[in-house]
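Some notes on the structure that comes next.
Derivation of every value follows stated rules applied to the coordinates shown; laboratory data play no part. The shown structure was predicted, so the numbers you read here are calculated from the model rather than taken from an experiment. Don't worry about glycine lacking a Cβ; one is built from the backbone with ideal geometry, like all the others, and counts go over all protein chains shown.
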Amino acid sequence: MGLGHALAFAGFLRNIGAPVDRAFRRARLPRLCQDPNAYVPVHSVRSFFEDMCTREVETLGWETGHWAQENHVHQGLTQCLAAAPTLGRALEDFSPLVGAENSHYRLGTIECGEDVLFWAHDANAANRPGYHIGLSYSLWVMLAVIRHFAGASWQPAEAGIEAPAVPDSARERLALGK
């Protein structure tokens, strides 16, 4: 997995004053490397997520995803996909980028009349530590890609996620009903 995911979380956590270097050490992630393309073990990144969720912020994935979007952390990704002529093509181009980061992670779209379902799943990690934290973060990444084409204020009519719970703060930010 690319270190970029852990670095996005580290940015949010440093912003709130959390001890990121100690958490990187516990998860056996490189503390001095700032290259988002550096590959690190998936289990180390997920261990870092779970550790910081337990120790610092219970809603870590949700909060980091929102913070990353507000602070333009996904700008490199959206610029990479900006050359696509349509949102549909950008979503198609997004899939191999994700596969290069995590070969077990699958995503795609399903058209249902006028609605389009964008889905993501990692069958190898569904019940492992850090999985739901990563998914909640990924939801914001997907929204960043869609909003690049549809406009910054675009809101989904409905959103679903493989997670034990969705915090009220995330529902409010997504403008979703309870």
Check your understanding: Does anyone have the angle between helix 60-70 and the longest principal axis of the chain? Alpha-carbon axes, 0 to 90°, nearest 10?
Key -> 60 degrees
Revision key, fill the gap. Taking r as the C-beta separation of Ala150 and Arg25 and R0 as 45 Å, the FRET efficiency to the nearest 0.05 is 0.65
Check your understanding: Between Asn71 and Glu158, what length in nm is gained on full extension when 0.36 nm per residue of separation is reduced by their alpha carbon distance?
Key -> 28.9 nm
Exercise for review: Mind jotting down the distance between the C-alpha centroids of region 115-158 and region 53-89, whole Å?
Suggested key: 9 Å
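Do you know the relative contact order of the chain, to the nearest whole percent, from alpha carbon pairs under 8 angstrom that are 6+ apart?
22 percent
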Check your understanding: When the chain is fully extended, how far beyond the present Cα-Cα distance does Arg55 get from Ala123, taking 0.36 nm per residue of separation?
Key -> 21.8 nm
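I need the GluC sites (Glu not before Pro) found in region 49-141, filtered to DSSP loop residues with at most 14 other beta carbons within 10 Å of theirs.
Sites meeting the loop and neighbour criteria: Glu58, Glu114.
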